[in-house]
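Each remark here refers to the structure printed beneath this line.
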Amino acid sequence: LRDRLLDGGSDPFADYELLEFLLFVAAARIDTKPMAKALIAHFGSLNAVLSADAEALQQIKGVGRSSAAALKAVAVAAGRMARATLEERIEYR
């Protein structure tokens, strides 16, 4: 997954594969695909997973504090990126 991400960007990834990679960063010693698929199945979408609170994330088998924190960090980063992009567009007007 790492090589695919670095070589081809995020477009060729399914939502569960992006989650799988993020979870692997937090819990490198386990197979994170079942956890990623369970998160998507439970919450319904990547957006819903990243928007979920840490306690709700940890209700999914295998998702501990480190994995929940990694997902929440991604959500915070995405929010900041979106906000910065919006601010840049407003400045250019």
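Only the coordinates and a few stated rules stand behind these numbers; no lab work does. Nothing here was measured: the structure is a model prediction, and the numbers come from that model. FYI the Cβ positions are ideal-geometry reconstructions off the backbone, even for glycines, and counts take in every protein chain you see.
Could I have the simple spin-label model distance between Asp53 and Ala84, label points 7 Å from Cα toward Cβ, reported in nm to one decimal?
It is 2.9 nm.
Which whole-number percentage describes the relative contact order of the chain, with Cα contacts under 8 Å and a sequence gap of 6 or more?
On the way: 64 pairs, mean separation 21.1, N = 93.
Relative contact order here is 23 percent.
Figure the gain on full extension for Ala77 and Lys37 (residue separation times 0.36 nm, minus the Cα-Cα span) and round it to one decimal in nm.
Details: separation 40, 0.36 × 40 = 14.40 nm, distance 2.23 nm.
Additional length available on full extension: 12.2 nm.
List the equivalent ellipsoid semi-axes of the chain in whole Å, largest first, each obtained as the square root of 5λ for an eigenvalue λ of the Cα gyration tensor.
Values: eigenvalues 126, 56, 26 Å².
So the three semi-axes of the chain are 25, 17, 11 Å.
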